[in-house]
Amino acid sequence: MKGIIVAAGYGTRFLPVTKTVPKEMLPLVTVPSIQFIVDEFVASGIRDIVILTSRRKKCMEDYFDRETELEGVFTREGRNDKLASLAPPECSVAFVRQKRMLGTGHALLEARPWIGSDACVVAYPDDIHFGPVPLAAQLVAVHEKTGCSVMASYTESGDVSRYGVLDVAEDGLHVRAMVEKPAPGTEPGREVSVGRYLYTSEFFDLLAEGWEAHLAEAAAAGRECGEYYHVYALNRLMERGKVARCAIEGTRLDTGDPAGYLEAILRYADSNASLRPVIDRYLSDRR
């Protein structure tokens, strides 16, 4: 099992900081968002990870490299705690650049030669998961049970009109279709998609098929090729009954916009005994 992290986008909702700092490097206090995804993969037994980036994000490559100068300083000082914080992840991390911003489907195809015929877990760093069982491991368990590609999901009790809503089969496991942003009252259920997937090699075959059709359509219309997304291949798999859902266990934090990012920082800080007093003092001062 391999892992892909899709991190090539512009991050425009976080401007001006993302003019120079990749959104995936924005930290929850001291830990960059992308580190949580890598840690989740490693905890799930995934040892080969590719990060899809773009030319403005070289600092991510530096981050996952060794920092030899600081290692030397902390070794001389006997600061083993600091050395541990510098240690690269216990996995192989490769980087593939998406040279043109043509959508997530195109980005995933850029990683296809690296994936080969293996199944892989695909993550978007906007979705961070905490819990006793890593989210990627939960998806792998469903894949091993069904042999299918797997979508992470959860039950949304409120308005689902801004989500991809799953039409779940009678067995409660397989997904028949996904309805993007349904009008209120037309949603097929309350189960909504989360940005974490496990894809089989068949998904990448269908993704390539859809890309060729996408290019042909653009050429026939005499226009430039626009963005291409993974939904084409996912829909084809659902039509074949080859997509299952994984109802996630644990806590999901959505860092996709500034408000969600701020909430994620607060929740993460509140889970840390050394940081919780800061929140308590702030709340006390607000009263």
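The values are calculated or read from the model by the stated rules, or taken from the named source; none is laboratory data. What you see is a predicted model, and the numbers here were worked out from it, not measured in a lab. Reconstructed Cβ throughout: ideal geometry from the backbone, glycine too, with neighbour counts over all protein chains shown.
Look at (1) of a type in the set (A, V, I, L, M); (2) at pLDDT 90 or above; (3) outside any loop (DSSP other than H, G, I, E, B) and you find that Ala84 fails only one, number (2). State yes or no: is Ala220 among the small types (Gly, Ala, Ser) and within 21 Å of the chain's Cα centre (by Cα)? When the stated conditions are applied, Ala220 does not pass them.
Selection over the range 92-110 of residues that are crowded, with 16+ Cβ neighbours inside 10 Å, assigned to a loop (DSSP other than H, G, I, E, B) and either out of contact with any Cys (no Cβ under 8 Å at 6 or more places or on another chain) or among the acidic types (Asp, Glu) (or both) gives a count of 2.
Scanning the range 2-51 for residues that are of a type in the set (A, V, I, L, M), in contact with a strand residue (DSSP E or B) (Cβ under 7 Å, 6 or more places away or on another chain) and either under 20 Å from Gln98 (Cα atoms) or assigned to a helix (DSSP H, G or I) (or both) yields Ile4, Ile5, Val6, Ala7, Ala8, Met25, Ile34, Ile37, Val38, Ile49, Val50, Ile51. The C-beta contact set for the range 128-139 (first residue in contact (Cβ under 8 Å) with a residue 24 or more places away in the chain and of a type in the set (S, T, N, Q), second residue surrounded by 22 or more Cβ atoms within 10 Å (Cβ to Cβ) and not in a helix (DSSP H, G or I), distance under 6 angstrom, 6+ apart or interchain) comprises Gln138/Cys246.
Could you list all residues from the range 161-203 that are aromatic (Phe, Trp, Tyr) and either farther than 20 Å from Asp127 by Cβ or outside any strand (DSSP E or B) (or both)? If you could, list the steps in order and put the result at the bottom.
Filtering the range 161-203 for residues aromatic (Phe, Trp, Tyr) gives 163, 197, 199, 203.
Answer for the range 161-203, where residues must be aromatic (Phe, Trp, Tyr) and either farther than 20 Å from Asp127 by Cβ or outside any strand (DSSP E or B) (or both): Tyr163, Phe203.
Suppose we filter the range 223-245 for residues that are of a type outside the set (Phe, Trp, Tyr) and in contact with a Ser or Thr (Cβ under 7 Å, 6 or more places away or on another chain); how many remain?
Taking the range 223-245 first, the residues of a type outside the set (Phe, Trp, Tyr) are 223-227, 230-231, 233-245.
Next cut, in contact with a Ser or Thr (Cβ under 7 Å, 6 or more places away or on another chain) only: 230, 237, 242-245.
Selection size over the range 223-245: 6.
Take the residues in the range 150-162 that are under 16 Å from the mean Cα position of the chain (by Cα) and not polar (S, T, N, Q); name whichever of them is farthest from Val231 (Cα to Cα). For the range 150-162, the residue satisfying everything is Tyr154. Only residues that are surrounded by fewer than 16 Cβ atoms within 10 Å (Cβ to Cβ), over 19 Å from the mean Cα position of the chain (by Cα) and part of a loop (DSSP other than H, G, I, E, B) were counted across the range 228-271, and they come to 3.
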